[in-house]
Amino acid sequence: MLADRINNLLPQTQCTKCGYQGCMPYAQAIANDGAPINRCPPGGEEGIAQLAGLLDRPIIALDISCGEHLPLQVAVIDEQFCIGCTLCIQACPVDAILGANKFMHTVLTADCTGCDLCIAPCPVDCIEMVSATPMRAWSPEDAAQARARYEKRQSRIAEMTATNIRAEAIIESESGKIAELSTENQSTETPAAQSMDKQAAIAQALARTRARRLNT
């Protein structure tokens, strides 16, 4: 498939600087819609030349409206100002940031693609991009590693989404049963007894749902 061959030539930083939501969407746009091949700053002139060779298109200059080609940069968190909001963790496409809610975060520089997607969400501006040490170019090995981490993250997100959908369906089903039970008991129970029974039934339903979710 042509889009896959194009994607294999892209740097897999998933930076979205090309205007698409990742390397594969950009590859699909090139393959299917004739999108320009010069919108990938991390790939630079070498990447454009490779795409031109694959697609038999002329080599053109990088579109600098998408950004400039730079040596590899990595994100660094000023940990003394980090508030543990987790927004940078959510933004990182390759799980290169470690931390937990209200705890200090840190960047795994060996896994950082330099996409800088973590910069904008930080509410305290404690993240900056610095040149990788030692300075070096982004290699095909880096791209392969980044792609693997990105795909693993995407699979985990999809699994979590499916789990949440199942849990919501269970809660909705249990809520319907609770409503039916409450209606049946209204004619025989006092208002106080009805309220206590309903609260107990809801607590039991939620407990069952959480147990199912943990075992999923």
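A compact table of results
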quantity: Accessible area of the range 1-109 divided out per residue, in Å², using a probe of 1.4 angstrom; calculated: 52 Å²
quantity: Computed label-point distance, nm, for sites Q21 and D78 using a 7 Å Cα→Cβ extension; calculated: 3.3 nm
quantity: Solvent-accessible surface (1.4 angstrom probe) belonging to S155, in square angstrom, nearest 10; calculated: 70 Å²
quantity: Three-way shape label, the range 1-108, alpha-carbon gyration tensor, a/c 1.5; calculated: prolate
quantity: FRET efficiency, 1/(1 + (r/R0)^6) with R0 22 Å, evaluated for D4 and S155 via beta carbons; calculated: 0.80
quantity: Where GluC sites (Glu not before Pro) fall in DSSP loop in the range 1-76, at most 12 other Cβ within 10 Å; calculated: E68
quantity: Within the accessible area of the range 1-159 (1.4 Å probe), percent carbon and sulfur; calculated: 55 percent
quantity: Anisotropy class of the range 1-54 from Cα gyration tensor, a/c 1.5 cut; calculated: rounded
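The values are calculated or read from the model by the stated rules, or taken from the named source; none is laboratory data. For clarity, every value in this text was computed on a predicted model and none was experimentally measured. Quick reminder, even Gly has a Cβ in these numbers, built from the backbone with ideal geometry, and neighbours come from all protein chains shown. Just so you know, the surface numbers come from the protein's heavy atoms only, side chains and all, with ligands and any DNA or RNA stripped out. Shrake-Rupley method; radii C 1.70, N 1.55, O 1.52, S 1.80 Å.
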